[in-house]
Amino acid sequence: MSGEDMPAVAAVAIALFAGYVCGALPWGLWIGRAARGIDIREHGSKNLGATNVYRTLGPGLGVMTLLLDIAKGAVPVALVPGLAISRAFPGGHSWCAVTVAVAAVLGHLFTVFAGFRGGKGVATTVGVLLALSPLACLVFLVVFLATLLVTRYVSLGSVLGAIAFSVSLAWLAPAGWRDPVFGLGVLLAALVIARHHENLRRLVRGGERKFSFAREGKP
């Protein structure tokens, strides 16, 4: 490897590390332990995400987890590409932002702080979109909330919202479907759908749990 390649390699490594570490912060696990002395992975759906925290520990802690999971996607994507490393990053600022975004979502899905068992990635994906394309994020939220209100299925809202934001990025990304942000949108939508495959099976069988705004568990 030549010396000329080193700045680019270092920039990629820093972007991946920063995105992954931020995304890997298991707020649902830490909040459950700090507030109730429990491991949220042993209750409800056994998921680290905000939905399970909401159902198990109540709206206050659930919303706190949601906001923190959104922030851990939005903050690194908003800040890291603005650092000096983006000048050495292959492809420039846009590719740096996309790389950080992918790393953040993967960090949430496979967090090193919780045995590589993370959440479904929806909230962190929303945070990533908020930093990259606020309008695409708005499209996701509108579709998600409309689906949730009509069907009461969080999983279905997440999947339809993911499809909607990936399609919207074809128009909203600066270079359309050729833009790396659009490619990221398709990848994130695929990840969200893949992480909800069991939920989709239960939906088809009629066994998926509907969301209730009341607390469901009392550990």
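The values are calculated or read from the model by the stated rules, or taken from the named source; none is laboratory data. Quantities reported herein were computed from a predicted structural model and do not represent experimental measurements. Neighbour counts run over all protein chains shown; Cβ positions are idealised from the backbone, glycine included.
When Gly207 is tested against (1) free of Cβ contacts under 8 Å to residues at least 24 places away in the same chain; (2) small (Gly, Ala, Ser); (3) part of a helix (DSSP H, G or I), only condition (3) is not met.
Does Leu79 satisfy being of a type outside the set (Asp, Glu), part of a helix (DSSP H, G or I) and without any contact (Cβ under 8 Å) to a residue 24 or more places away in the chain?
yes
Residues that are touching an Asp or Glu at 6+ places or on another chain (Cβ under 7 Å) and surrounded by fewer than 21 Cβ atoms within 10 Å (Cβ to Cβ) within segment 168-198 are absent altogether.
Residues in segment 128-139: is at least one part of a helix (DSSP H, G or I) and among the hydroxyl-bearing types (Ser, Thr, Tyr)? No, segment 128-139 has no match at all. Against the conditions (1) closer than 22 Å to Val77 by Cα; (2) surrounded by fewer than 21 Cβ atoms within 10 Å (Cβ to Cβ); (3) in contact (Cβ under 8 Å) with a residue 24 or more places away in the chain; (4) among the aromatic types (Phe, Trp, Tyr), Phe165 satisfies every one except (2). Identify all residues within segment 96-124 that are in contact with a Phe, Trp or Tyr (Cβ under 8 Å, 6 or more places away or on another chain), surrounded by 20 or more Cβ atoms within 10 Å (Cβ to Cβ) and of a type outside the set (A, V, I, L, M); write none if there are none. Within segment 96-124, Cys96, Thr99, Gly107, Gly118 meet the criteria. Of everything in segment 77-87, what is within 13 Å of Val12 (Cβ to Cβ) and at pLDDT 90 or above? Give them in sequence order. Result: Val80, Pro81.
Has segment 143-162 got at least one residue that is touching a helix residue (DSSP H, G or I) at 6+ places or on another chain (Cβ under 9 Å), outside any helix (DSSP H, G or I) and among the small types (Gly, Ala, Ser)? No, the conditions are met nowhere in segment 143-162.
Put simply, of Lys120, Lys210 the only residue that is closer than 22 Å to Gly58 by Cα, under 20 Å from the mean Cα position of the chain (by Cα) and among the basic types (Lys, Arg) is Lys120. In this entry, Gly119 is excluded by the filter for residues that are assigned to a helix (DSSP H, G or I) and on the phi < 0 side of the Ramachandran plot.
Total residues in segment 13-57 satisfying the condition of being over 17 Å from the mean Cα position of the chain (by Cα) and assigned to a loop (DSSP other than H, G, I, E, B): the figure is 7. Scanning segment 24-55 for residues that are touching an Asp or Glu at 6+ places or on another chain (Cβ under 9 Å) and modelled with pLDDT of 95 or more turns up Leu25, Trp27, Gly28, Leu29, Gly32, Arg33.
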